[in-house]
Ligand code: ITT
Ligand code: NA
């Protein structure tokens with residue numbers, strides 16, 4: 001059984017389009033390390049989730065990166081949504097630039113305890129070699145191989161429109177339509193998550 005590790009039901013809804021019924025949500029709040037990029041956050045999360053569940057785990061870390069705000073909220077997107085809210089983040093973006101260009105990014109990290117041919121990240125490989133030589137439990141976790149997949153979609157920040165989707169979807173416009181005005185299938189066809197899921201599903205089917 002493959003576990004889709006997230007506390008966010010909206011992510012799971014979109015993931016179901018790409019993954020078969022052998023997938024279930026694991027509502028597990030893994031430790032999110034502070035980092036400027038999503039990859040190490042997701043990779044750490046996947047190792048922790050795999051250790052917690054004892055089953056293959058797929059972590060989904062995503063964020064909204066606004067050009068004129070130097071990528072803010074980025075890895076802090078969940079915190080910014082909880083504290084400021086989606087509309088105020090939207091206002092900040094449009095105060096900084098008009099049009100306020102931005103992108104959504106999604107990183108999927110898969111861990112099942114097995115070794116893969118090659119880690120996509122040579123730094124990660126070096127970390128693993130070092131970690132394999134220690135007795136420390138947490139450092140040993142760094143030795144668990146993780147496979148990463150990512151997707152990006154460009155768009156711009158607008159006044160909120162639509163009531164589908166979740167999170168920042170109402171303020172993110174792509175080709176004239178906000179993500180909240182799209183069905184899940186329409187969003188998946190162009191979205192950061194759809195692109196990452198497509199790559200994952202292709203790899204998973206033939207691994
Ligand atoms: P998990 O970490 O438990 O998966 P989360 O909602 O905290 O759930 P993230 O840490 O990836 O997810 O935070 C990303 C933030 O960006 C959060 O506020 C989400 O609502 C938002 N977000 C992620 N993907 C999105 C999407 O496709 N559309 C709109 N907002 C999205
Ligand atoms: Na989170």
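Rule-based calculations on the coordinates, nothing more; no lab input. Everything numeric here is computed off the predicted structure, so don't read it as measured data. In this analysis, Cβ positions are derived from the backbone assuming ideal geometry, glycine residues included, and neighbour counts consider all displayed protein chains.
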Helix 192-206 sits off the longest principal axis of the Cα atoms of the chain, rounded to the nearest 10 on a 0 to 90 degree scale, by 30 degrees
Here the relative contact order (percent) of the stretch 2-206, from C-alpha pairs under 8 Å and at least 6 apart, is 20 percent
Quick calc: nm separation of the 7 Å Cα→Cβ label points for residue 199 and residue 28 -> 2.3 nm
Distance in Å, no decimals, from the C-alpha centre of the stretch 1-16 to the one of the stretch 19-41 is 9 Å
When 111, 106 are arranged by how many other beta-carbons sit within 10 Å of their Cβ, fewest first, they go 106, 111
